[in-house]
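Only the coordinates and a few stated rules stand behind these numbers; no lab work does. As the structure is a prediction and not an experimental result, all values here were calculated from the model. Positions of Cβ are backbone-derived with ideal geometry, glycine not excepted, and every protein chain shown enters the neighbour counts.
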Amino acid sequence: MTHEARFDTLCIHAGQAPDPTNGAIMTPVYFTSTYIQEGLGINKGFDYARVRNPTRDALEGNLAALEGGKHGMAFGSGMAAVQAIFEQLSSGDHVVLGDNVYGGTFRLLDKVMTRFGLTYTQVDTGDLAAFKAALRPNTRLVMLETPTNPMLGITDIPGVRRVMTEARCVAVLAVDNTFATPYNQRPLDMGADLVFHSTTKYLNGHSDSIGGIAITNRDDIAEGLRFHQKAAGGILSPMESWLILRGTKTLHLRMERHNASALQIARWLEARKDLKAVYYPGLESHPQHALAKQQMKGFSGIVSFDTGDAERTRRMASSFKVFSLAESLGGVESLVCHPASMTHGSVPEADRQRLGINDNLLRLSVGVEDVQDLIEDLERVLKV
């Protein structure tokens, strides 16, 4: 299946072919640690499963095609993929990090990678002037999210690439596309060198798998990440690969519902008078709505809102009946999260307050249930 096929078709077929031994339409789960070789140096491209596995190969090909990429490298978690990206750097290298990235990404860089000589500057990558000022001669990685977690800020990806080009910055531009998914946004088409995901979220879509993926068109980046898979061993298992492949077959269908329901809920929340703020890039009131429309097909399923009162927020968080209070996002079931104490608990409080991630904030991952049931659940909880 070539990249010329349309997205919905790629979801179902890319990277996969019927099993040659029996014609099974689903890629089998290859539970094997090693492969028989026909002679010294003679094999069918497989020798040891840490290096390659046919089920993982199929997933890597599938997700690379969805992002319009040439190479896909799957890891045991989204954070394992982020660590592999960081570990392409050397002591003394500088990272420009978006100031509202996932808390685990910040924690890994701030608490672990700096011990090995990496330095970093956090900046609002949505502010291109501030981003330009953050670049240094030794900047080797720019890592950002758009939309951001959980404030749904948008970064102009082509604008960032333009600034880097004008500054003669040779850094790798890596974009976390977990929130948007390739259904809504393809960063490689807009100038990114590398795109990565927690496949745990929308790509899998069923809250039953942990994984990560890094995708690129650059052979040199792929070579480094594949070496990391082999050398460090943080690979995705065959079973997890199969589960995510199962999920991507309905990605296009699920994202249509996530997009539509989240927009409806965001508009319903915005119309209320008892909330301080609602954050969703699909709303005309979002300060970067025009940019979001320009580089996104849809606005995904995450909606955040500020109730204006921390005690009210705590009561609400534990009172939902359809939404479930839990970490993570992107599954078919709707979840509610309190970012300040959950996903972003490792971010210093002063930084959280500056970004708006205060104790009043709730983040919704809008699932694919009947949207009216979700609105009724919200309406009831807002009266608690």
Packing rank of 258-269, 286-297, where each peptide gets the mean count of other beta carbons within 10 Å, highest leading: 258-269, 286-297
With Cα coordinates, the longest principal axis of the chain makes an angle with the long axis of helix 54-66, in degrees rounded to 10, of 50
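What is the range 136-265 by shape, rounded, prolate or oblate, if you read a ≥ b ≥ c off the alpha carbon gyration tensor as root eigenvalues and call it rounded for a/c under 1.5, prolate for a/b larger than b/c, and oblate otherwise?
oblate
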Residue-wise HN-Hα coupling along the range 88-94, computed from phi with Karplus coefficients 6.51, -1.76, 1.60 (Hz; x: Gly, Pro): 7, 8, 10, 3, x, 6, 10
With a Förster distance of 35 angstrom and the Cβ-Cβ distance between ARG257 and ALA232, calculated FRET efficiency to the nearest 0.05 equals 0.40
What residues have an amide H closer than 5 Å to that of LEU173, excluding those fewer than 5 places away on the same chain, when H is modeled at 1.01 Å from N in the peptide plane? VAL142, ASP193, LEU194
Only loop residues by DSSP count here, and only those with at most 14 other Cβ atoms within 10 Å; note down the GluC sites (Glu not before Pro) in the range 270-326 that meet that. GLU284
Mean separation of Cα pairs under 8 Å and 6+ residues apart, divided by the residue count of the range 273-384: what relative contact order is that in percent? 29
Using alpha carbon centers only, the range 322-384 is separated from the range 226-292 by a whole-angstrom value of 13
Please give the Cα centre distance for the range 76-117 versus the range 1-31, rounded to the nearest Å. 33
Estimated vicinal HN-Hα couplings, Hz - the range 113-124 in sequence order (Karplus 6.51, -1.76, 1.60; Gly, Pro = x): 5, 5, 5, 10, x, 7, 10, 8, 10, 8, 8, 6
Which of ALA340, ALA24, ALA58 fluctuates most in a GNM of the chain (C-alpha springs under 10 Å)? That residue is ALA24
Mind giving me the nanometre distance, one decimal, between the label points for LYS70 and GLU369, set 7 Å out from Cα along Cα→Cβ? 4.6
Checking PHE75, PHE299, PHE46 against a Gaussian network model of the chain (alpha-carbon springs below 10 Å), the top fluctuating residue turns out to be PHE46
Any chance you could run the full-extension gain for THR32 through ALA290? It's 0.36 nm times the residue separation minus the Cα-Cα distance, nm to one decimal. 87.9 nm
In nanometres, what is the gap between the two model label sites at LEU275 and ASP219, each 7 Å from Cα along Cα-to-Cβ? 5.0
What do you get for the angle between helix 219-232 and the principal long axis of the chain? Use alpha-carbon atoms, 0 to 90 degrees, nearest ten. 90
In whole Hz, with x marking every Gly and Pro, tabulate ³J(HN,Hα) for the range 72-85 from phi via Karplus 6.51 cos²θ - 1.76 cosθ + 1.60, θ = phi - 60°. x, 10, 9, 10, x, 6, x, 5, 5, 5, 4, 4, 4, 5
Just need the relative contact order of the chain here, percent rounded to a whole number, with Cα pairs under 8 Å and 6+ apart. 17
Tell me, in nm to one decimal, what length is gained between VAL51 and LYS383 on full extension, where the rule is 0.36 nm per residue of separation less the Cα-Cα distance? 114.1 nm
CD proxy at 222 nm, helix term only [per DSSP H run n ≥ 4: -39500 (n - 2.57); per residue of the chain; nearest 500]: -10000 deg cm²/dmol
Stretched out fully, how many nm does the piece from GLU376 to THR250 gain, at 0.36 nm a residue minus the Cα gap? 42.7 nm
The helix 157-166 Cα axis meets the longest alpha-carbon principal axis of the chain at an angle in degrees, between 0 and 90 and rounded to 10, of 70
Global geometry of the chain, whether rounded, prolate or oblate, following the gyration tensor of its Cα atoms and the 1.5 cut on a/c: oblate
Most fluctuating residue of ASP176, ASP93, ASP19 in a GNM of the chain with Cα springs under 10 Å: which is it? ASP19
Among CYS337, CYS169, CYS11, rank each residue by its count of other Cβ atoms within 10 Å, from fewest to most, as a rough exposure measure. CYS169, CYS11, CYS337
Rounded to the nearest 0.05, FRET efficiency between ARG267 and LYS44 (Cβ-Cβ, R0 51 Å) equals 0.40
